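Asks: Dropping a structure here in structure tokens format, bear with me for questions.
The values are calculated or read from the model by the stated rules, or taken from the named source; none is laboratory data. Note that this is a predicted model, so its numbers are computed, not measured. Positions of Cβ are generated from backbone atoms using ideal geometry, with glycine treated the same way; all protein chains shown enter the neighbour counts.
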Amino acid sequence: MKRDEIEIREAIGAGQKALASLEEADRYLSGASSWGLWDMIGGGLFSTMIKHSKINDAAACIEQAKADLMRFRRELSDVDISDEIGIEVGSFLTFADYFFDGLIADWMVQSKIQAASGQVRDAADQVRRILASLEQMQNES
């Protein structure tokens, strides 16, 4: 097997791992969003706790995805493909939601969940496009 084929295969593996992490984060964010809607209509402390549990799980997945994306980026440099993929999650709103539990804080948290979900989906779409290019390169070699 040629060196290029090995590099492409390694990049595809790293990209698939990054994509799996992003998809898992998106599932947790979707759950957090559902609980967030319930929280906004008066779900109380229980829904707030579950929502933040989902947010924390999503944040852990996002951290894993960041590490996986860094590895993917390194692998892409070996096959002359580079792309910027970025994800950011804040934590102040968790504090605000617990201590200022009300419609405004819940709406702010819900907005932040939606923004994070959009970033995760955008990153996953970028990874999918790059994986498609890598797979085409692999088929051509």
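Asks: How many residues does the range 86-141 contain that are of a type in the set (A, V, I, L, M, F, W, C), modelled with pLDDT under 85 and more than 19 Å from K54 (Cα to Cα)?
Replies: Number of matching residues: 3.
Asks: Among the residues of the range 33-85, what is the count of those that are among the small types (G, A, S), in contact with a helix residue (DSSP H, G or I) (Cβ under 6 Å, 6 or more places away or on another chain) and within 16 Å of R121 (Cα to Cα)?
Replies: Of the residues in that region, 3 qualify.
Asks: Still on this structure: For the range 30-77, which residues satisfy the criterion of being of a type in the set (D, E) and farther than 30 Å from R3 by Cβ?
Replies: Once the filter is applied, which keeps residues that are of a type in the set (D, E) and farther than 30 Å from R3 by Cβ, the range 30-77 yields D39, D57, E63.
Asks: Limited to the range 35-56, what total is found for residues that are of a type in the set (G, A, S) and not in a helix (DSSP H, G or I)?
Replies: Final tally of qualifying residues: 2.
Asks: Return the only residue of A58, A32, A18 being at pLDDT below 90, crowded, with 18+ Cβ neighbours inside 10 Å, under 11 Å from the mean Cα position of the chain (by Cα) and among the aliphatic types (A, V, I, L, M).
Replies: Sole residue among the options that is at pLDDT below 90, crowded, with 18+ Cβ neighbours inside 10 Å, under 11 Å from the mean Cα position of the chain (by Cα) and among the aliphatic types (A, V, I, L, M): A58.
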